[in-house]
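The values are calculated or read from the model by the stated rules, or taken from the named source; none is laboratory data. Quick caveat: nothing in here was measured; it's all calculated off a predicted structure. Neighbour counts are summed over all protein chains in view; Cβ atoms, including those assigned to glycine, are modelled from backbone coordinates with ideal geometry. Calculation scope for accessible area: heavy atoms of the full protein, side chains included, ligands and nucleic acids excluded. Shrake-Rupley method; radii C 1.70, N 1.55, O 1.52, S 1.80 Å.
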Amino acid sequence: MITTGLVSITFRALTPEAIIPLVVRAGQQAIEWGGDIHVPHGDIARAQSVGEATRAAGLELAAYGSYYRLGHSEAEGLHFASVCATAQALGCPAIRVWAGKRPLAEVDAVYRQEVTADARRIAGLAADAGLDLVFEFHGRTLTESLTSAQQLLNDVPDDNVYTLWQPRNGIEPEINRNELKELLPRLYYAHVFHWWPTSKERRPLAEGAVAWGPYLDLLRQAPRPMRAMMEYVRDHDPENYLRDAATLEKWVRPPAR
C-alpha cells in the first residue's frame, strides 16, 4: 500500500497553520516539512510547535526537508548537528539532504570524495539520533544521474541511508521507470508532480496518468512501506493541489469491491 502526503515547500507563501488543514482536507496522510521557511534550521521551538500541530491533526511527519548540502554546508555555517536537532524536535524519522551542488559535468574525483566523506560523517550522526538520511534525487548534485546516485549509495552503505526519487524533467517515462526500478532497494519515497516537457510547464497531475500509473506500480514493489509525496502544483494554487491530491488518492487506492 502507498500512503500520500505533501512536501510543504509546495506552498512557501503559506504558514504551517494554513498547510496542515489543507492536507487534512485533501485526505492525505503526511507532510515533509521544509527547512528553509516552514521549520527553519535551528529553530527548535518552531520545530516542536509544528510537529505537535501536525500530529494533533492526525497527520504523520514524513521527513525534515533540510537544505544541508553535502561538502558545503558546514563551511557555510549550516551545521548538521543543528539540522539533526531540529529534525528530532520536529519528531520526524528522516532528514533530506542534497548531494553537493555541482552538475556532474563539473564533478571530479576530489569533489566526489569530499561529498561522500561528508555523507558518511552525517550518516553516523543521524544514526546516533535515531534518524534516517535520504538524498534528494536532483539535478546539479551527485544524484543527477542513476549511475552517479548508485555510486554514492554504494559508497555510503549504512543501513539508515536512502535516496528519494522523482521523474527527471524532459526524460521519457520509460527511462524514468527504469531508473526508479534500479533505485527501489534503497528508495525512501517518491516526490510526485507532472512537469512536461520542462519544469516551466507544470501540468495537472491527471495529465500524467500514462507515466504515473507504471511509476506507482513500481512503488508498490518496494521492499519498505512507500509514500508518494506531492511536490509543487500549477500556479502554487491550493485548489490545484486539492485536485491533484484527489487524482493521486484515486490512483493509489485499490478499486472498491
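Computed values, structure above
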{"read-out": "Selection status of Glu17, within 26 Å of Ala149 (Cβ to Cβ), among the charged types (D, E, K, R) and part of a helix (DSSP H, G or I)", "value": "no"}
{"read-out": "Identity of the residue in the stretch 16-49, over 25 Å from Glu249 (Cα atoms) and aliphatic (A, V, I, L, M), that ends up most open to solvent (accessible area, probe 1.4 Å)", "value": "Ile37"}
{"read-out": "Test: His236 is at positive phi and touching a residue at least 24 places away in the same chain (Cβ under 8 Å)", "value": "yes"}
{"read-out": "Leading residue by the ranking (farthest from Val192 (Cα to Cα)) among those in the stretch 223-244 that are hydrophobic (A, V, I, L, M, F, W, C) and buried (at least 19 other Cβ atoms within 10 Å of the Cβ)", "value": "Met226"}
{"read-out": "Residue that is farthest from Ile171 (Cα to Cα), among those in the stretch 185-214 that are modelled with pLDDT of 95 or more and hydroxyl-bearing (Ser, Thr, Tyr)", "value": "Tyr188"}
{"read-out": "From Lys200, Lys250, Lys181, residue being assigned to a helix (DSSP H, G or I) and out of contact with any Leu (no Cβ under 7 Å at 6 or more places or on another chain)", "value": "Lys250"}
{"read-out": "Residue count, the stretch 64-80 (criterion: in contact with an Asp or Glu (Cβ under 9 Å, 6 or more places away or on another chain) and at positive phi)", "value": "1"}
{"read-out": "Flag if Arg203 is in contact (Cβ under 8 Å) with a residue 24 or more places away in the chain and open to solvent by 60 Å² or more (accessible area, probe 1.4 Å)", "value": "yes"}
{"read-out": "Segments classed as helices (runs of 4 or more DSSP H), wholly inside the stretch 77-158, with at least 1 members that are among the β-branched types (Val, Ile, Thr), free of Cβ contacts under 8 Å to residues at least 24 places away in the same chain and surrounded by fewer than 16 Cβ atoms within 10 Å (Cβ to Cβ)", "value": "109-128, 146-155"}
{"read-out": "Among (1) modelled with pLDDT of 95 or more; (2) open to solvent by less than 50 Å² (accessible area, probe 1.4 Å); (3) not basic (Lys, Arg), the one test that Ile171 misses", "value": "(1)"}
{"read-out": "Condition check for Gly208: open to solvent by less than 80 Å² (accessible area, probe 1.4 Å), without any contact (Cβ under 8 Å) to a residue 24 or more places away in the chain and either not in a helix (DSSP H, G or I) or not polar (S, T, N, Q) (or both)", "value": "yes"}
